[in-house]
């Protein structure tokens with residue numbers, strides 16, 4: 001075991017130390033070589049060292065260098081050194097974090113990390129907190145608590161009786177609602193097609209004056225960080241109107257909640273702490289390894305009511321039992337990496353990480369404008385959208401940038417425009433990474449425009 005783990009550590013160190021010099025997207029031939037990992041299931045056992053070597057030799061070249069400094073797709077963070085090391089140790093512990101009797105250390109660390117996160121985001125003490133796989137499941141968990149709470153007020157026990165014959169709940173979202181929220185609404189039986197979509201402004205923010213009539217059977221979903229523009233819904237006004245009507249306000253803050261950690265950006269979070277539930281990712285801006293998301297519910301009883309699990313064989317104590325705060329019973333101790341990130345960064349380090357990424361996003365926008373391209377959004381956070389002309393030209397630039405390998409940027413549609421979307425979320429990104437990426441993008445854009453006659 002010692003030799004095997006030493007070999008794994010050496011291979012991992014070689015991979016991480018070389019990431020800055022690698023292509024961001026793998027070569028097609030490296031992806032094609034992954035077929036070597038397949039074939040018929042071996043009849044006989046293999047030496048663990050040879051299994052690891054095979055995985056590294058054929059798997060590592062085919063990875064996307066998303067932990068490096070020049071990956072700007074899908075608001076993907078890297079892995080801070082302390083979090084990667086903590087992940088290895090937690091893997092060696094192999095703890096089941098569902099019950100305190102199964103892992104006292106995992107449960108205690110989860111409690112500590114929960115308290116720190118609530119403090120960072122300005123949430124009230126005593127919030128119910130559930131650690132899940134990502135923002136999709138965090139939205140699911142929080143909205144399940146909302147469903148439980150609103151139907152309980154109406155005299156209906158949805159956990160026992162289901163939704164057949166239940167009082168109808170209304171759901172209000174913005175026109176720019178993220179697809180993960182729509183997926184969650186379908187999973188919860190609330191429906192994608194039955195929702196009310198409120199118009200948004202030119203920055204993707206809900207227009208409060210267009211909110212429909214609400215009551216105590218209404219769930220309103222806000223965005224903290226539009227996935228294209230980075231902008232935030234006007235939470236103060238919307239929360240006030242919703243709560244006057246008795247409605248529940250949920251916040252999808254997969255990456256935007258982390259603006260609260262940076263003093264220069266925290267104004268964006270004005271009013272969001274007045275909501276009833278929140279969802280965020282930690283494998284985005286906190287830069288912990290996949291997978292990790294967190295659901296927060298103001299009244300912990302509503303979260304427990306939706307997630308409670310009990311059986312005669314499950315030994316529970318007087319402490320907080322994580323299985324009662326998330327959909328999973330058995331799960332890994334993912335809060336260990338959150339604790340390691342927050343402990344290693346501290347409040348000032350976390351603030352600098354967020355602020356530095358925002359400054360680098362503005363550097364991107366400035367460089368693109370200087371090269372003559374159109375930046376489509378006001379860069380308030382870490383998101384940049386740029387057009388290189390018509391839809392066909394912009395699409396070709398995006399495809400060629402991804403193929404080139406210097407950096408990786410995705411595409412999107414925004415108010416009738418095809419755009420390249422740049423998300424700066426990695427702790428490892430530097431000014432040099434941005435400048436190298438800008439040079440590659442400009443070179444590729446000029447080549448595409450020359451070949452099409454576009455200007």
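The values are calculated or read from the model by the stated rules, or taken from the named source; none is laboratory data. Bear in mind the structure is a predicted one, so any value in this text is a computation, not a measurement. Note: ideal-geometry Cβ built from the backbone for every residue, glycine included; neighbour counts use all protein chains shown.
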Kindly indicate which of 346, 293, 305 is closer than 26 Å to residue 423 by Cβ and more than 17 Å from the chain's Cα centre (by Cα). 346
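In the set 372, 411, 367, which member is in a strand (DSSP E or B) and either more than 22 Å from residue 202 (Cβ to Cβ) or not assigned by TED's automatic domain parsing to the domain that holds residue 261 (or both)? Step through it out loud before you land on a result.
Numbers: 372 fails: in a strand (DSSP E or B); 367 fails: in a strand (DSSP E or B).
After ruling out the rest, the residue left standing is 411.
Which one of these is without any contact (Cβ under 8 Å) to a residue 12 or more places away in the chain and either surrounded by fewer than 21 Cβ atoms within 10 Å (Cβ to Cβ) or in a loop (DSSP other than H, G, I, E, B) (or both): 348, 330?
On the way: 330 fails: without any contact (Cβ under 8 Å) to a residue 12 or more places away in the chain.
Exactly one of 348, 330 is without any contact (Cβ under 8 Å) to a residue 12 or more places away in the chain and either surrounded by fewer than 21 Cβ atoms within 10 Å (Cβ to Cβ) or in a loop (DSSP other than H, G, I, E, B) (or both), namely 348.
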Filtered residues of the range 72-97 (kept if over 30 Å from residue 430 (Cβ atoms) and buried (at least 23 other Cβ atoms within 10 Å of the Cβ)): 97
Quick check: is even one residue across the range 15-31 more than 26 Å from residue 83 (Cβ to Cβ) and touching a helix residue (DSSP H, G or I) at 6+ places or on another chain (Cβ under 7 Å)? yes
List, please: which pairs have Cβ atoms under 9 Å, are six or more places apart or on different chains, and start with a residue in the range 439-455 that is part of a helix (DSSP H, G or I) and end with one that is modelled with pLDDT under 95? 448/454; 449/455
Tell me whether the range 68-80 contains one or more residues that are more than 23 Å from residue 280 (Cβ to Cβ), in a helix (DSSP H, G or I), in contact (Cβ under 8 Å) with a residue 12 or more places away in the chain and out of contact with any strand residue (DSSP E or B) (no Cβ under 6 Å at 6 or more places or on another chain). no
Could you list, in sequence order, the residues of the range 81-127 that are under 28 Å from residue 227 (Cβ atoms) and assigned to a loop (DSSP other than H, G, I, E, B)? 122, 123, 124, 127
Here's a check for you: in the range 351-390, which residue that is more than 23 Å from the chain's Cα centre (by Cα) and buried (at least 23 other Cβ atoms within 10 Å of the Cβ) is nearest to residue 432 (Cα to Cα)? 368
